[in-house]
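See structure below.
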Amino acid sequence: MSHRLLSSFVFIAAAALAGCTTDPISPTAARPVRASALLGPNEGVRVLTDSVDANGNTTLVQEFGMGVYTLPNGDGGTVASVIIRTFIPNVSPTSSSYCLTHSIVSTEAIEGIKLTIKKSGGCNKDIEILIEQPATRQKATFRFSMVPGKTVIDSGLLR
């Protein structure tokens with residue numbers, strides 16, 4: 001499978017999963033104030049860079065929304081975001097040395113939200129971040145797993 005095709009698949013899977021992980025729940029009675037770098041309303045993922053180097057290795061940098069909520073009027077969004085860099089080597093996915101390396105570039109949350117990194121990624125390793133809103137006792141867990149043959153991205157429903 002080409003690296004461009006793999007990158008496209010990851011983006012489509014992330015967008016589909018982000019759109020399917022919301023329920024009609026609001027973290028607070030009022031719409032949260034958004035920090036400037038967070039994703040827009042109803043935006044689950046944003047590709048920041050997708051590049052291929054001279055050796056055919058792909059570097060994909062994406063921002064994912066975390067802590068999904070939906071207001072009664074249907075508007076929704078996230079209370080935090082994480083930027084993840086994924087390095088995809090130019091080797092066959094069936095190779096024993098195939099290693100998708102993920103790293104957290106940065107995280108951001110609106111005021112009143114606490115983020116705790118439980119798993120920080122690495123070679124074929126998952127990323128997991130706990131999102132907490134102490135004032136309302138609501139929690140969510142963001143999960144990002146991309147290993148050869150399997151991708152799971154769960155933005156985490158805030159409840």
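The values are calculated or read from the model by the stated rules, or taken from the named source; none is laboratory data. Please read these numbers as outputs of a predicted model, since none were measured by experiment. A quick note on method: Cβ atoms are made from the backbone with ideal geometry, for glycine too, and the neighbour counts reach across all protein chains shown.
Conditions (1) touching a strand residue (DSSP E or B) at 6+ places or on another chain (Cβ under 7 Å); (2) modelled with pLDDT under 55; (3) more than 16 Å from Phe144 (Cβ to Cβ); (4) assigned to a loop (DSSP other than H, G, I, E, B), marked per residue:
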| position | (1), (2), (3), (4) |
| --- | --- |
| Ala14 | yes, yes, no, no |
| Thr22 | yes, yes, yes, yes |
| Asp50 | yes, no, yes, no |
| Asn73 | no, no, yes, yes |
| Arg85 | yes, no, no, no |
| Val91 | no, no, yes, yes |
| Ser95 | no, no, yes, yes |
| Val105 | yes, no, no, no |
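Would you mind finding the one in Thr59, Thr101 that is free of Cβ contacts under 8 Å to residues at least 24 places away in the same chain and β-branched (Val, Ile, Thr)? Lay out the reasoning, then the answer.
Values: Thr59 fails: free of Cβ contacts under 8 Å to residues at least 24 places away in the same chain.
Checking each option against the conditions leaves just Thr101.
Inside segment 124-159, can you point out the residues that are among the β-branched types (Val, Ile, Thr) and either without any contact (Cβ under 8 Å) to a residue 12 or more places away in the chain or part of a loop (DSSP other than H, G, I, E, B) (or both)?
Once the filter is applied, which keeps residues that are among the β-branched types (Val, Ile, Thr) and either without any contact (Cβ under 8 Å) to a residue 12 or more places away in the chain or part of a loop (DSSP other than H, G, I, E, B) (or both), segment 124-159 yields only Thr136.
Could you tell me which of the residues Lys119, Lys114, Lys125 is charged (D, E, K, R), in contact with a strand residue (DSSP E or B) (Cβ under 8 Å, 6 or more places away or on another chain), more than 13 Å from Gly65 (Cα to Cα) and exposed (fewer than 15 other Cβ atoms within 10 Å of the Cβ)?
Exactly one of Lys119, Lys114, Lys125 is charged (D, E, K, R), in contact with a strand residue (DSSP E or B) (Cβ under 8 Å, 6 or more places away or on another chain), more than 13 Å from Gly65 (Cα to Cα) and exposed (fewer than 15 other Cβ atoms within 10 Å of the Cβ), namely Lys114.
Considering each residue of segment 54-71, count those that are more than 29 Å from Arg159 (Cα to Cα) and touching a strand residue (DSSP E or B) at 6+ places or on another chain (Cβ under 7 Å), and give that number.
Residues flagged as more than 29 Å from Arg159 (Cα to Cα) and touching a strand residue (DSSP E or B) at 6+ places or on another chain (Cβ under 7 Å) within segment 54-71 amount to 4.
Just to be sure before I move on: is Ser120 of a type in the set (Gly, Ala, Ser), closer than 25 Å to Thr59 by Cα and not in a loop (DSSP other than H, G, I, E, B) in the structure I sent?
Here the answer is yes, as Ser120 does meet what is asked.
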